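Each remark here refers to the structure printed beneath this line.
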Amino acid sequence: MQPIDPDTGAVGDTIEPQTEQALENVRSVLAEADASLSDVIKVQVFLVDADDFPGLDAAYAEVMPEPYPARSAFEVGGLAA
């Protein structure tokens, strides 16, 4: 899910608000299906810059409920477009 605010089209300047917005977008989609973030069992994250991982991790821990779902993160910034 992309970190785009559906009301404004804005994208946060750093990974923390981007992560929070992406998870809020997921939460909204899940709510439409009568589900919640507690129902998530696996998350895949694609980072343009691996140096953003600590910020992503901090925001993720603030938003996702424990026990955290399985997660994998990949740096994709160096891949060919």
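The values are calculated or read from the model by the stated rules, or taken from the named source; none is laboratory data. This one's a predicted model, so the numbers in the text were calculated from it and none came from an experiment. Neighbour counts run over all protein chains shown; Cβ positions are idealised from the backbone, glycine included. These accessible areas exclude ligands, DNA and RNA; they are computed on the full protein's heavy atoms, side chains included. Shrake-Rupley method; radii C 1.70, N 1.55, O 1.52, S 1.80 Å.
Taken about its Cα centre, the chain carries a charge dipole of about 320 debye when Lys and Arg each add +1 at the Cβ and Asp and Glu each add -1 at the Cβ. How much accessible surface does Phe46 have with a 1.4 Å probe, in Å² rounded to 10? Estimated to the nearest 10 Å², Phe46 gives 120 Å². Built from the Cα atoms of the chain, the convex hull projects on average onto 5.9 nm², one quarter of its surface area.
Expressed as a whole percent, the accessible surface of the chain that belongs to carbon and sulfur atoms is 53, based on a 1.4 Å probe.
In a GNM of the chain with a 10 Å cut-off on Cα contacts, which of Glu32, Glu16, Glu24 has the highest mean-square fluctuation? Most flexible of the set in this elastic network: Glu32. Approximating the spin labels as points 7 Å out from Cα along Cα→Cβ, the Asp7-to-Ala70 distance works out to 3.6 nm.
About its Cα centre, the stretch 42-81 has a charge dipole of approximately 240 debye under the convention of +1 per Lys or Arg Cβ and -1 per Asp or Glu Cβ, with nothing else charged. Each Cα pair under 8 Å and six or more residues apart adds its sequence gap; the mean of these over the residue count of the chain is a relative contact order of 31 percent.
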